[in-house]
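Down below is the structure, laid out as structure tokens.
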Amino acid sequence: MLIRNLPGRLLDRARNSKPRYFTALAVALLLIFASCGYEFGAFINLFVVGRPDDPGPYMSEVTTELETFVANARFPVAMAFLPDGTLLYTEKDTGQLRAVSSDGTLHPFPVADVPVANLGDSGLLGLTLDPDFANNRYIYLGYTVNDIPTDNALPRNEFRVQRCTMTEDFRSVIFGSDTVIANLSASGLPGHEGGSLVFGPDGKLYVSLGDRRLNTFQNEESQDPAVLAGKMIRINSDGTVPADNPYGAELMAWAIGLRNTFDFAFDPMSGLLFGPENGAGPDELNLVEAGKNYGWPTVQGEADTDEEMQFAANTPDYTGPLIGINRAPTGVAFNPGEVYGANLKNQLFVGYFETGTIDRFVLSDDRRSVLDTIEFVAGIPNGINDLLFGPDGAIYVSTEFNIYRIAPTIE
């Protein structure tokens with residue numbers, strides 16, 4: 001614990017010195033710890049966002065076992081399965097896309113490698129397959145861009161969405177196939193990147209962009225549809241803006257007033273989009289719909305203060321959360337199968353970075369409200385970054401150091 005507290009101790013001492021010493025030391029610490037490779041990068045990530053050291057014993061609602069599918073991974077975040085069962089995952093800090101065979105064998109060479117700025121929760125965060133992947137082999141990556149090869153510390157103000165074409169054996173991307181379909185400029189401060197990429201049932205690409213602020217700042221631009229920070233955006237697969245976007249054919253914004261939707265998922269039954277929100281205080285689960293305003297930075301959680309209630313009353317498109325979930329929600333997925341029991345099919349599962357737990361949400365018949373929340377799994381170490389259901393129907397979760405499979409026990 002001493003080394004984790006070291007930056008705070010040094011900064012406290014510097015505050016009691018002259019201002020120029022404090023500024024110089026703060027900058028030096030960020031440069032040293034964030035630019036010297038994965039180990040220091042991981043350290044500064046913990047310092048910025050935190051995670052559980054000891055989540056307690058592994059427990060699950062139904063009988064399961066926690067299996068290590070990929071050991072000693074380097075901060076894996078987003079994951080996707082290919083048609084042959086290969087698992088792709090992004091490495092946040094290195095900017096590499098890695099592949100794992102269905103038997104758990106890690107391919108020795110990266111599938112792709114992009115230049116990332118990785119301070120805080122920046123880095124290679126987004127990954128999704130084209131809806132027509134079987135024919136075009138397109139994959140899409142979302143990352144915080146760093147075009148200065150030797151500098152991996154200073155934050156950048158651009159989140160890039162890049163399309164690549166995979167080779168027929170799925171071992172790499174075709175050289176020269178990289179196509180930047182969107183450069184999404186926002187604030188240059190590190191933090192609150194969002195960064196998830198998901199194709200909707202309408203064939204459009206949805207991208208979550210956080211308000212790009214540290215916890216000590218609030219970004220009023222989240223309320224401006226013309227500014228990308230603090231939004232859910234919607235674009236065509238080539239990066240153009242759909243003509244039916246709610247704020248007009250020139251604006252990418254789909255929904256506004258979002259602080260940091262790290263992941264989201266479409267309900268296969270209704271087509272509705274569900275996205276948890278990481279708040280400055282209360283976290284929340286939102287039903288994210290076209291043209292709606294979710295209140296940030298004025299409203300956090302339910303509108304229950306005088307200022308928040310006034311904002312809600314004066315904002316026609318304001319929409320409150322479905323439910324509060326105060327544990328840093330990260331991975332989100334709907335259960336497509338019955339390996340954990342037929343009654344759990346099509347329920348929403350959300351993993352939490354802060355606690356290493358997974359909840360399942362029972363939705364109403366119209367899929368627009370939450371009837372119940374049940375803890376499905378507890379005791380996953382090192383914080384959950386992402387979760388998805390594999391071709392075998394099991395849940396896979398990425399953490400800071402490993403990828404786990406929640407294996408159903410066969411009786």
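The values are calculated or read from the model by the stated rules, or taken from the named source; none is laboratory data. On a predicted model such as this, the values are computed, not experimentally measured, just so you know. A quick note on method: Cβ atoms are made from the backbone with ideal geometry, for glycine too, and the neighbour counts reach across all protein chains shown.
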Practice prompt. Specify the residue that is nearest to Y318 (Cα to Cα); the eligible residues are those in segment 227-253 that are assigned to a loop (DSSP other than H, G, I, E, B) and under 16 Å from the mean Cα position of the chain (by Cα).
Written response: G230
Practice prompt. Take I380 and decide whether it is in a loop (DSSP other than H, G, I, E, B), closer than 14 Å to E61 by Cα and among the β-branched types (V, I, T).
Written response: yes
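It is to be established whether one or more residues within segment 254-263 are among the hydrophobic types (A, V, I, L, M, F, W, C), surrounded by fewer than 22 Cβ atoms within 10 Å (Cβ to Cβ) and not in a strand (DSSP E or B).
Initial filter on segment 254-263 (among the hydrophobic types (A, V, I, L, M, F, W, C)): 254-256, 258, 262.
Retained after the next criterion (residues that are surrounded by fewer than 22 Cβ atoms within 10 Å (Cβ to Cβ)): none.
Taking every residue of segment 254-263 in turn, none turns out to be among the hydrophobic types (A, V, I, L, M, F, W, C), surrounded by fewer than 22 Cβ atoms within 10 Å (Cβ to Cβ) and not in a strand (DSSP E or B).
When segment 263-282 is examined, which residues are found to be among the acidic types (D, E) and either more than 11 Å from the chain's Cα centre (by Cα) or at pLDDT 95 or above (or both)? Spell out how you get there, then give the answer.
So in segment 263-282, the residues among the acidic types (D, E) come out as 263, 267, 277.
Within segment 263-282, D263, D267 meet the criteria.
Restricted to segment 199-216, and to residues that are under 30 Å from F133 (Cα atoms) and either of a type in the set (A, V, I, L, M, F, W, C) or surrounded by fewer than 14 Cβ atoms within 10 Å (Cβ to Cβ) (or both), which residue is modelled with the lowest pLDDT? Write out each step before concluding.
Within segment 199-216, the subset under 30 Å from F133 (Cα atoms) is 199-210.
The next check asks that each one be either of a type in the set (A, V, I, L, M, F, W, C) or surrounded by fewer than 14 Cβ atoms within 10 Å (Cβ to Cβ) (or both); those that pass are 199, 201-203, 205, 207, 209.
Values: F199: 98, P201: 98, D202: 98, G203: 98, L205: 98, V207: 97, L209: 92.
The extreme case among them is L209.
Quick check: anything in segment 323-346 of a type in the set (K, R) and not in a loop (DSSP other than H, G, I, E, B)? Let's see the steps before the verdict.
The first filter runs over segment 323-346 and keeps only residues of a type in the set (K, R), leaving 327, 345.
Filter again for not in a loop (DSSP other than H, G, I, E, B), leaving none.
So far as segment 323-346 goes, no, none of its residues is of a type in the set (K, R) and not in a loop (DSSP other than H, G, I, E, B).
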Item to complete: Show the residue pairs that are 6+ apart or on different chains and have beta-carbon atoms under 6 Å apart, the first residue being within segment 351-374 and in contact (Cβ under 8 Å) with a residue 40 or more places away in the chain and under 25 Å from A78 (Cβ atoms), the second being buried (at least 21 other Cβ atoms within 10 Å of the Cβ) and hydroxyl-bearing (S, T, Y).
Response: G351/T330; F353/T330
Worksheet item: Counting only residues that are surrounded by fewer than 24 Cβ atoms within 10 Å (Cβ to Cβ) and touching a residue at least 60 places away in the same chain (Cβ under 8 Å), which one in segment 111-126 is nearest to T330 (Cα to Cα)?
Response: G120
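Can you tell me which of T105, T144, T94, T90 is hydroxyl-bearing (S, T, Y) and touching a helix residue (DSSP H, G or I) at 6+ places or on another chain (Cβ under 7 Å)? Even if it seems obvious, please write down each step before you answer.
On the way: T105 fails: touching a helix residue (DSSP H, G or I) at 6+ places or on another chain (Cβ under 7 Å); T144 fails: touching a helix residue (DSSP H, G or I) at 6+ places or on another chain (Cβ under 7 Å); T90 fails: touching a helix residue (DSSP H, G or I) at 6+ places or on another chain (Cβ under 7 Å).
The conditions single out T94.
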Discussion item. Condition first: touching a Lys or Arg at 6+ places or on another chain (Cβ under 7 Å), surrounded by fewer than 21 Cβ atoms within 10 Å (Cβ to Cβ) and not in a loop (DSSP other than H, G, I, E, B). Now tell me which residues in segment 348-376 satisfy that.
Written reply: I374
Fill in: Residue, farthest from N183 (Cα to Cα), within segment 226-251, restricted to residues that are buried (at least 20 other Cβ atoms within 10 Å of the Cβ) and aliphatic (A, V, I, L, M)
M232
Discussion item. I'm trying to understand the selection: among the residues of segment 286-337, which are over 29 Å from G126 (Cβ atoms) and either surrounded by 20 or more Cβ atoms within 10 Å (Cβ to Cβ) or touching a residue at least 24 places away in the same chain (Cβ under 8 Å) (or both)?
Written reply: A303
Worksheet entry | Condition met for N219 (touching a residue at least 60 places away in the same chain (Cβ under 8 Å), out of contact with any strand residue (DSSP E or B) (no Cβ under 6 Å at 6 or more places or on another chain) and either of a type in the set (A, V, I, L, M) or surrounded by fewer than 24 Cβ atoms within 10 Å (Cβ to Cβ) (or both)) | yes
